[in-house]
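Participant: Got a structure here, written out as C-alpha cells. Questions coming.
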Amino acid sequence: MSVDKEESTWSHQERVVNGVRLHVVEAGDGTPVILLHGFPDFWYSWRHQIPPLAAAGFRVLAPDMRGYNTSEKPPGVASYHIDALVGDMAGLIESSGSDRAHVVGHDWGGIVAWYLAMQRPELVSRLAVLNAPHPAAFERDLFATDQWKRSWYMAFFQIPRLPELGLSAGNFTAIQRALENETSSAEASSPQVVERYKQAAAQPGALTGGINYYRAAARPSARAAMRDFRNVETPTLLVWGERDRFLGISLTEGLASWVPDIRVERIPAAGHWVHMDEPALVSELLVEFLGQS
C-alpha cells in the first residue's frame, strides 16, 4: 500500500496538553510510540515510519510540535523554552492513557527527546534519536571542531524577522532547495512532497514558531536548563546519517559517560534526513529496537 493510501487510514486529532493545542496523527494499537519531527518539518516527516511501526503492534502518535503546521503557535520566544517543549511531550504521553511510551526524535524533535529522557525518565521506555546530538556532546564540539561552521544558521536565526523573510521568499524556495539538496531520496524532493512542506510552512506563524526554538535556546534564561546534562539511563538508539552537512560525525562519539546504555548506528549513504534517505532501513532499526523487552 502506498503512503498516500496508508495516510487515509490514520486518525487526525487535536489534543490540548500542557496548555497548548497540538495536531496529532495516530495509527495502530499497542504500546505508544511518539515521533517528534525537526525543523522545518512537521508530522509528515515520519510518513515512511508510521506504517511499519503500526504494523509491528505499536500505537504511533506523530504530533506537529508547538509552533508548527496546524498546531497552536504561542506568541513570544519564551514560549519555546526547552521546559515548555518537554512539558508538551510529557503531557502527550500522559494523555495517551499509558504510563510510559517509546520516544523517537529527529533534529529538534531529537533534542526535545533527549531532554525528556533526562528530565522525565519515568515516562520514556526506550529512546531513539536520529541526527540530533546529545546536548552535552554539542556543547563539547561546538568550538572544539568545525561544528561552529556547520551551525552558522543558528546565529542567523537570532535576527528578528529576517530569517522568516528569507525562508518564505519565492514561495519558500529555501525549503524546496533544502529537500532537493540535502536529501538523496527522489521521493523526498518530489513536487508532491515539496508542496506538502510549503503548505505547512505557509501556515500563519509557522516559520516564526519553528525558528523560535533556536531563539529560545540562545537566551540566557534558557542556558541553565539546557546545560542540565543528567545521565540518560533509558536504553537508547542513535541513528546517524554520515552525510549530514549541519552536524558533524564526531557528535556520535564519546557518549557513554552520559548515556550508558547506547547503541549507535551510522548510515554512510544518508544525510541529515536519514529517515527519508533510508526509510526502510531506519524503519527496520526502529521496529527491532523498540520491540525489545
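The values are calculated or read from the model by the stated rules, or taken from the named source; none is laboratory data. Note that the coordinates shown come from a computational prediction; the quantities given were computed from them, not determined experimentally. All Cβ positions, glycine included, derive from the backbone under ideal geometry; neighbour counts span all protein chains shown.
Participant: Which pairs do you get when a residue that is at pLDDT 95 or above, found in region 72-83, comes within reach of a residue that is not in a helix (DSSP H, G or I), reach meaning Cβ atoms under 6 angstrom, with the pair 6+ apart or on two chains?
Facilitator: GLU72/VAL20; GLU72/ARG21; LYS73/GLY67; LYS73/GLY205
Participant: Need the failing condition index for PHE172 against (1) buried (at least 20 other Cβ atoms within 10 Å of the Cβ); (2) in a helix (DSSP H, G or I); (3) in contact with a strand residue (DSSP E or B) (Cβ under 7 Å, 6 or more places away or on another chain), just the number.
Facilitator: Among (1) buried (at least 20 other Cβ atoms within 10 Å of the Cβ); (2) in a helix (DSSP H, G or I); (3) in contact with a strand residue (DSSP E or B) (Cβ under 7 Å, 6 or more places away or on another chain), the lone unmet condition for PHE172 is (3).
Participant: For region 273-292, enumerate the residues that are of a type in the set (Gly, Ala, Ser) and either under 17 Å from LEU36 (Cβ atoms) or part of a loop (DSSP other than H, G, I, E, B) (or both). Explain how you work it out, then say what you get.
Facilitator: Within region 273-292, the subset of a type in the set (Gly, Ala, Ser) is 280, 283, 291.
Answer for region 273-292, where residues must be of a type in the set (Gly, Ala, Ser) and either under 17 Å from LEU36 (Cβ atoms) or part of a loop (DSSP other than H, G, I, E, B) (or both): SER283, GLY291.
Participant: Is it the case that region 227-249 has a residue that's without any contact (Cβ under 8 Å) to a residue 60 or more places away in the chain, within 16 Å of ALA132 (Cβ to Cβ) and touching a Ser or Thr at 6+ places or on another chain (Cβ under 7 Å)?
Facilitator: no
Participant: Moving to a separate point now. So, restricting to strands (runs of 3 or more DSSP E) that lie completely within region 41-154, which ones have at least 2 residues that are of a type in the set (Gly, Ala, Ser)?
Facilitator: Numbers: elements: 58-63, 101-106, 124-130.
In region 41-154, the matching strands (runs of 3 or more DSSP E) lie at 101-106, 124-130.
Participant: Now, a different point. Check ALA217, ALA178, ALA206, ALA155 and return the single one that is hydrophobic (A, V, I, L, M, F, W, C) and more than 18 Å from the chain's Cα centre (by Cα). So that I can check it myself, show each step before the final result.
Facilitator: On the way: ALA217 fails: more than 18 Å from the chain's Cα centre (by Cα); ALA178 fails: more than 18 Å from the chain's Cα centre (by Cα); ALA206 fails: more than 18 Å from the chain's Cα centre (by Cα).
Selected residue: ALA155, the only one of ALA217, ALA178, ALA206, ALA155 that is hydrophobic (A, V, I, L, M, F, W, C) and more than 18 Å from the chain's Cα centre (by Cα).
Participant: Continuing with the same structure: Name the single residue that is farthest from THR208 (Cα to Cα) among those in region 1-28 being in a loop (DSSP other than H, G, I, E, B) and at pLDDT 95 or above.
Facilitator: Among those that are in a loop (DSSP other than H, G, I, E, B) and at pLDDT 95 or above, it is GLY28.
Participant: ALA269 - would you say it is over 17 Å from the mean Cα position of the chain (by Cα), within 24 Å of PRO40 (Cα to Cα) and in a loop (DSSP other than H, G, I, E, B)? Steps first, please.
Facilitator: Values: over 17 Å from the mean Cα position of the chain (by Cα): yes; within 24 Å of PRO40 (Cα to Cα): yes; in a loop (DSSP other than H, G, I, E, B): yes.
Yes; evaluated as a whole, the condition is true for this residue.
Participant: Checking LEU247 against (1) surrounded by fewer than 15 Cβ atoms within 10 Å (Cβ to Cβ); (2) within 16 Å of the chain's Cα centre (by Cα), only one condition comes out false. Which one?
Facilitator: Unmet for LEU247, out of (1) surrounded by fewer than 15 Cβ atoms within 10 Å (Cβ to Cβ); (2) within 16 Å of the chain's Cα centre (by Cα): (1).
Participant: Does region 237-249 contain at least one residue that is assigned to a helix (DSSP H, G or I), farther than 17 Å from LEU127 by Cα and touching a strand residue (DSSP E or B) at 6+ places or on another chain (Cβ under 8 Å)?
Facilitator: Within region 237-249, the subset assigned to a helix (DSSP H, G or I) is 249.
Still in the running and farther than 17 Å from LEU127 by Cα: 249.
Still in the list and also touching a strand residue (DSSP E or B) at 6+ places or on another chain (Cβ under 8 Å): 249.
Yes: region 237-249 contains one or more residues that are assigned to a helix (DSSP H, G or I), farther than 17 Å from LEU127 by Cα and touching a strand residue (DSSP E or B) at 6+ places or on another chain (Cβ under 8 Å).
Yes/no per residue for (1) within 19 Å of TRP108 (Cα to Cα); (2) without any contact (Cβ under 8 Å) to a residue 40 or more places away in the chain; (3) buried (at least 19 other Cβ atoms within 10 Å of the Cβ); (4) in contact with a Pro (Cβ under 7 Å, 6 or more places away or on another chain):
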{"residue": "ALA225", "(1), (2), (3), (4)": "yes, no, no, no"}
{"residue": "ILE267", "(1), (2), (3), (4)": "no, yes, yes, no"}
{"residue": "GLY271", "(1), (2), (3), (4)": "yes, no, yes, no"}
{"residue": "ASP277", "(1), (2), (3), (4)": "yes, no, yes, no"}
{"residue": "VAL282", "(1), (2), (3), (4)": "yes, no, yes, no"}
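Participant: I would also like to ask the following. Looking at region 149-168, which of the residues that are closer than 20 Å to TYR68 by Cα and of a type in the set (Ser, Thr, Tyr) is modelled with the highest pLDDT? First the steps, then the outcome.
Facilitator: Here is the first cut: in region 149-168, the residues closer than 20 Å to TYR68 by Cα are 153-154, 156-168.
With of a type in the set (Ser, Thr, Tyr) added as a condition, the list becomes 153, 168.
Numbers: TYR153: 94, SER168: 98.
The selected residue is SER168.
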